[in-house]
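The values are calculated or read from the model by the stated rules, or taken from the named source; none is laboratory data. On a predicted model such as this, the values are computed, not experimentally measured, just so you know. Because the Cβ atoms are built from the backbone with ideal geometry, glycine has one as well, and the counts that use them run over all protein chains shown. Heavy atoms of the whole protein, side chains included, go into the accessibility calculation; ligands, DNA and RNA do not. Shrake-Rupley method; radii C 1.70, N 1.55, O 1.52, S 1.80 Å.
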Amino acid sequence: MSDALLQGEYSLLLVALSLIVASLASYVAMDTAQRIWESSGLRRGVWLLLAAVAMGGGIWSMHFIGMLAFMLPVDVTYDLFLTFASVVLAMLAALVGFAIVARRRSASAIFMGGISLGLGVVAMHYTGMEAMNMQAHLTYDPVLVGLSVLVAITAATVALWITTCVSGWGWRIASALIMGLAIYGMHYIGMEAAYFQAICTGAAQGGGYEIDPYILAFVIAFGTITILMLQMVTTAVDRRFSAYREREADILRQSEARFRRLVENASDFILVVDAEGSIRFASCPNSGLGDNLEDSRLEDLLQGPAVTDLLARLQQSTSGDTWSHAEGVYLTLPGRGRREFEATACNLGDDTAVNGIVLTLHDITQRQQAAAKLQYAKNLSDEANRVKSEFIANMSHELRTPLTAILGFSDIIRNQAFGALPNERYLEYAEDIHNSGSQLLSIINDILDISRIEAGQLDLQQDMLDARELVQDSMRILAQKAQHKGVELSEAYGETLPAFQGDGRRLRQVLINLLGNAVKFTPAGGRIEISVTRLGGGDMVFAVSDTGIGIPEDKIGEITKPFFQVDGTLARQHEGVGLGLAISRSLVEMHGGTLSAESTSGQGTTFRVTIPATGSQTCQVA
């Protein structure tokens with residue numbers, strides 16, 4: 001054995017990287033700690049755990065990168081168990097420290113939390129040092145070890161005090177820098193306290209793994225920074241939502257207070273009148289009408305087109321009758337102007353305590369004004385929607401012109417109309433261009449159709465139609481695609497089918513959409529059947545059934561909404577923008593019919609199109 005001391009060198013790049021990781025981890029942890037102070041219950045526990053993971057994981061990452069930055073003239077590996085233990089120690093210490101401060105944010109709690117956090121840094125560091133396997137004995141300078149402990153505890157306590165007692169981005173950054181420097185300073189003071197005495201045994205100690213230090217350092221840094229950035233984003237989003245919730249709660253409190261004041265200061269006017277409209281009793285608080293309304297006439301008090309009808313109803317009513325006039329009753333109040341009231345009457349002529357008709361006047365002026373504003377807003381919304389649909393329709397039309405040229409020229413190229421191409425890859429590119437253009441044209445056509453439907457610009461051309469021809473035309477278009485995919489396509493008809501009124505082009509579009517979806521979502525070897533039957537009332541029912549993947553039960557009510565996708569992820573396996581079923585439903589409803597769906601996930605789906613029998617004529621199907 002030799003007592004020669006080993007002298008190591010630091011990689012400045014890895015030293016700087018360790019400082020960046022330490023500072024970023026400290027900032028994320030202190031930023032997350034703010035969510036701990038502002039939360040309670042389960043949310044506080046979650047944020048406490050996230051802060052501990054950020055701080056503990058960041059401390060460990062900085063320590064390990066710092067260890068890798070120290071280049072010794074002997075091979076060094078790391079014991080996995082002790083390395084893992086150092087991570088756990090750092091996280092547990094951070095968890096305890098933040099928990100102490102979260103329970104009671106006092107000076108003693110901050111001091112105890114700082115001790116826990118600082119000792120966690122120290123324990124992690126020296127446990128990580130013990131994880132080193134090498135041909136050297138490791139000893140420490142007790143003075144420098146004590147200094148490293150003091151630095152860690154002092155800086156951790158100061159950082160916690162800043163995070164707990166002051167707010168603002170500047171102080172939060174200062175707290176992170178102090179804590180980051182504490183971790184950084186403690187680590188490198190601890191490294192200065194370490195002495196490595198060489199052992200001449202001829203074989204390295206085992207129990208660990210040896211990896212290039214730069215690669216391992218940057219992998220650890222990248223992973224740690226990625227996790228910290230995700231946590232920072234999570235904290236920022238939660239803070240934004242918390243602010244939004246607080247703002248909404250404040251608005252709600254203000255609205256409730258305003259409503260309470262309105263209710264406390266608004267009361268209905270109660271009048272007792274006889275059948276001739278003479279006022280026998282009046283209670284009109286805060287109206288400014290005075291107390292001399294008794295013995296006056298109702299027609300002298302009220303105005304509006306409904307007053308005549310109200311007086312007539314009073315004369316015709318019998319005891320127990322109750323009715324109301326929601327509009328057209330007005331009352332001019334001093335200082336408040338002309339107000340509209342809802343008049344509710346109850347004949348209590350047989351009640352000796354009342355001996356008259358109780359007339360309640362409820363002020364609905366604000367409600368009517370709100371209704372008028374709502375209607376105005378609805379009109380604006382409808383107009384905006386119409387303009388939007390017209391714009392989309394016009395833009396879709398303009399896009400079709402250059403797209404038609406793309407499809408035409410790509411078709412000429414792939415068919416080599418003007419001679420063979422010098423390279424077969426051009427044929428593949430032309431085929432790709434043509435297929436992509438066709439798909440884009442289909443999407444544009446769908447957008448154009450849905451825009452026309454929403455704008456009310458789509459008219460149906462009513463003709464007498466043969467159901468069998470519709471089905472066969474639709475199947476003919478999808479037959480090649482189904483055959484290429486290995487899906488069996490069949491048809492079935494009732495014995496007697498009606499010729500019915502409808503737009504053949506649009507109904508054919510509906511069937512093609514349903515068949516296309518069935519082919520798209522049915523795997524090879526599956527079956528698709530389209531059938532036509534006539535109901536007892538003469539309605540026509542077209543049913544498209546498949547043995548495909550089916551639709552989840554919770555999505556079945558959403559599938560006919562525009563742009564809805566059962567699989568809405570970017571990694572979905574099937575193309576389409578989610579307009580086919582929406583267009584189909586709208587076209588069927590324009591015919592006065594319905595589009596319904598039944599599905600079992602993993603077993604298949606059945607769509608039914610029901611067309612009413614208006615104007616149908618019976619014909620035999622050969």
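Odds and ends about this structure:
- Alpha-carbon spread of the range 80-156, three principal axes, descending order, Å: 48, 28, 11
- Charge dipole of the range 316-387 about the Cα centre (unit charges at C-beta), most positive-ward option of Ala377, Leu361, Ser319: Ala377
- Peptides ranked, highest mean first, by Cβ atoms within 10 Å: ranges 76-84, 480-488: 76-84, 480-488
- Chain lengthening between Asp459 and Asp141 when straightened (0.36 nm per residue, less Cα-Cα): 105.3 nm
- Two-site FRET efficiency, Phe218 against Val88, from Cβ-Cβ distance with R₀ of 30 Å, rounded to 0.05: 0.80
- When peptides 116-123, 363-370, 12-19 are ranked by their average number of other Cβ atoms within 10 Å per residue, the highest-first order is 116-123, 12-19, 363-370.
- Taking the protein heavy atoms of the range 1-95 in the context of the full set of protein chains, the accessible area attributed to carbon and sulfur is 71 percent at 1.4 Å.
- Taking packing as the residue-averaged number of other Cβ atoms within 10 angstrom, the listed peptides 90-100, 549-559, 499-509, 412-422 run from highest to lowest as 90-100, 499-509, 549-559, 412-422.
- Rh by Kirkwood over Cα pairs, then Stokes-Einstein D for the range 1-149 at 1.567 mPa s and 4 °C, µm²/s: 78 µm²/s
- All lysines inside 27 Å of Lys378 as judged from Cα atoms, apart from same-chain residues fewer than 8 positions distant: Lys388, Lys561
- Taking 0.36 nm per residue of sequence separation and removing the Cα-Cα distance, the Met71/Tyr195 pair yields an extension gain of 43.3 nm.
- Over the range 338-418, the Kirkwood radius and the radius of gyration, each from Cα atoms, give a ratio Rg/Rh of 1.68.
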